[in-house]
1. Taking the condition of being part of a strand (DSSP E or B), open to solvent by less than 20 Å² (accessible area, probe 1.4 Å) and hydrophobic (A, V, I, L, M, F, W, C), how many residues in segment 106-136 meet it?
2. With the structure loaded, tell me whether residue 83 is in contact with a helix residue (DSSP H, G or I) (Cβ under 7 Å, 6 or more places away or on another chain) and either in contact (Cβ under 8 Å) with a residue 12 or more places away in the chain or on the phi > 0 side of the Ramachandran plot (or both) or whether it fails that test.
3. Considering only residues of segment 25-56 that are more than 8 Å from the ligand (Cβ to nearest atom) and among the basic types (Lys, Arg), which is most open to solvent (accessible area, probe 1.4 Å)?
4. Residue 57 fails exactly one of the following numbered conditions: (1) closer than 26 Å to residue 1 by Cα; (2) assigned to a loop (DSSP other than H, G, I, E, B). What is the number of that condition?
5. Which of the residues spanning segment 84-105 are open to solvent by 70 Å² or more (accessible area, probe 1.4 Å) and either in a helix (DSSP H, G or I) or among the charged types (D, E, K, R) (or both)?
6. Among the residues of segment 37-61, what is the count of those that are more than 10 Å from residue 131 (Cβ to Cβ) and in contact (Cβ under 8 Å) with a residue 60 or more places away in the chain?
7. Before we move on, is residue 106 closer than 20 Å to residue 79 by Cα, within 14 Å of the ligand (Cβ to nearest atom) and not small (Gly, Ala, Ser)?
Amino acid sequence: MVRENEIRANEIAVTPPDASDAGLVFIGRIHTPWNNRLLCPRQGRHDGPICRIEIFAPWVPALDGVERFQQLEVLYWLDQSRRDIVKQSPANNGETHGAFSLRTPVRPNPIGTSMVVFVERKDNWLMVRGLDCLNGTPLLDIKPDRCQFTPIAPPQPGDFETG
Ligand code: SAM
C-alpha cells in the first residue's frame, strides 16, 4: 500500500538528526510518466515505459561510453520521502519490519536504485526502461551493470584474494 504521510498501527518513528545531504550533488533529473505516488510502480520493469534521464552541465561528458552497456544501474534521491520511520508496516496490517529489511522509499537516506535497460542517448538525455520514480526525481549517479562491466585497468594485487 502506498504511503502518503501517515504512521500506521505498530509503526515506530524516531527523531532523526537534522537532515543533511552529505555533500551529494544532484547531477540530473529523471522524467517519468508518474506525477503521483499512487500511480508509480513499486519496482520498475524492463517492459515499462521509456523514461528520460536529463544530465545537467557540467556532467554531460560523463555519459560517454554508457551505450556500450545494455543495462545500467541508476541511483536517485527519493526526495518526497519521510526519513524517520524505522519499523514499517508495508501491508498496513499491524505487522512491522525494519526499514533496512525493505526496499521502501522511507529510509534515513532515501536513495533508490533501479537496474534499467539502455534505449538511446541523445546529447545530455538518456532514454531507459525500468524506472519507478516520480517525475522530477533528482538523479545521483549512473553506473554500468556490474555483471556486464569488465574493469578497464589491469588487475591489482588483492583482486583475487578470498576469505
Ligand atoms: N527501485 C527503487 C529501490 O528499490 O531502491 C525504489 C523502490 S520504491 C519501493 C518505489 C516507490 O517509491 C514508488 O512506488 C513510489 O511510491 C515511491 N517514490 C518514487 N519516487 C519518489 C520520490 N521522488 N520521492 C518519494 N517517493 C518516491
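The values are calculated or read from the model by the stated rules, or taken from the named source; none is laboratory data. Everything numeric here is computed off the predicted structure, so don't read it as measured data. Note: ideal-geometry Cβ built from the backbone for every residue, glycine included; neighbour counts use all protein chains shown. The protein model used for the area step is the full one, side chains on, heavy atoms only, and it has no ligands, DNA or RNA in it. Shrake-Rupley method; radii C 1.70, N 1.55, O 1.52, S 1.80 Å.
1. Residues that pass the stated criteria total 3.
2. Spelling it out, it is not the case that residue 83 is in contact with a helix residue (DSSP H, G or I) (Cβ under 7 Å, 6 or more places away or on another chain) and either in contact (Cβ under 8 Å) with a residue 12 or more places away in the chain or on the phi > 0 side of the Ramachandran plot (or both).
3. Among them, the one singled out is 45.
4. Condition not satisfied by residue 57: (1).
5. Hits for segment 84-105 are 87, 95, 100, 101, 103.
6. 9
7. When the stated conditions are applied, residue 106 passes them.
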